[in-house]
Amino acid sequence: MSTVDTSSIAGRGRAIASPSPRAIALIKAVIFVLCLGPLVRLVGGAALDLLGVNPVELIRRSTGTWTLVFVLVTLSVTPLRRLTGWHWLARLRRMFGLYAFFYAVLHLTSYVWLEQFFDVAAIVKDIIKRPFITIGFAAFAMMVPLAVTSTDKMVRRIGAKNWIALHRLVYALAICGVVHYWWLVKRDITKPAIYALALAMLLGYRAVSAARKRTP
């Protein structure tokens, strides 16, 4: 009858909880490449004419979906770090946040360029008349200062306290992103409801954690 090598298991657990700087760099490099997957898929599909009868809509919806996914992934880092004790996960948060902004830029570009052909009057009219576009633009506007201040240099320049206060905008923009998707879909709300549930859980976790900190 074989015995369990508890020291080996403990060693692996410590390796996961506190990977070496080299391992973290490798993990970040792999995740960085994987995060480019949706873009590579769209570019390949466009090159091979595999984006269907309405490629512009597919590009717009795909980039919008991945923007929301990366926003939620960014918000999930803190709960995962606290629940697992893997504090090194915090080093991935900035990359996920910047990828959210990257796909948001692609999403906006697909609308402004491929759909509206830079027609400023039509874009302004759309923002005023269609609420889901209004709230989508609001979400993007909130993402811009977060992306601009994402560097360590900007943290030092504006101060950690101000930086933390500014980056709480991520909660508001995440809500706007979910609402944007919900209002866009109109009929089958299954997917936006899933994103809304995920966001509710992430925000709920933070609310509970904050309440516990205030409790003596």
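Just so it is clear, none of the values below were taken in a lab; they were calculated from the coordinates. Here the structure is a predicted model, which is why all the values come from computation and not from measurement. Cβ coordinates were reconstructed from backbone atoms using ideal geometry, including for glycine residues, and neighbour counts include every protein chain displayed.
Points to keep in mind about this one:
- Seen against the Cα atoms of the chain and their longest principal axis, helix 37-47 is set at about 40 degrees.
- Extension gain, residue 186 back to residue 31 (0.36 nm per residue minus Cα-Cα distance, nm): 52.5 nm
- Sorted ascending by nearby beta carbons within 10 Å, beginning with the fewest, 61, 22, 187 become 187, 22, 61.
- Judged by the ratio a/c of the largest to the smallest principal axis of the C-alpha gyration tensor, the stretch 93-216 counts as oblate, that ratio being 1.5 or greater while a/b is no larger than b/c.
- Each of 77, 104, 185 was scored by the projection of its Cα onto the charge dipole of the chain, and the greatest displacement toward the positive side belongs to 77; charges sit on the C-beta of Lys, Arg, Asp and Glu.
- Simple rule: put +1 on each Lys or Arg Cβ and -1 on each Asp or Glu Cβ in the chain, find the dipole, and look at 21, 195, 143; the Cα lying farthest toward the positive end is 21.
- Cα long-axis angle, helix 90-109 against the chain (0 to 90 degrees, to the nearest 10): 10
- By the beta-carbon count within 10 Å of each Cβ, the least crowded to most crowded order of 107, 87, 167, fewest first, is 87, 167, 107.
- Rh (Kirkwood; distinct C-alpha pairs) - the chain, Å: 19.6
- Going from the residue with the fewest nearby Cβ atoms within 10 Å to the one with the most, 119, 126 rank 119, 126.
- Dipole magnitude for the chain: about 1060 debye, using +1 per Lys or Arg Cβ and -1 per Asp or Glu Cβ, origin at the Cα centre.
- Lys-Lys pairs in the stretch 6-214 that are eight or more residues apart or on separate chains and whose Cα atoms lie under 22 Å of each other come to 5.
- Nearest 10 degrees, 0 to 90: helix 190-214 Cα axis against the chain principal axis: 50
- Relative contact order for the chain, counting Cα pairs under 8 Å that sit 6 or more residues apart, in percent: 18
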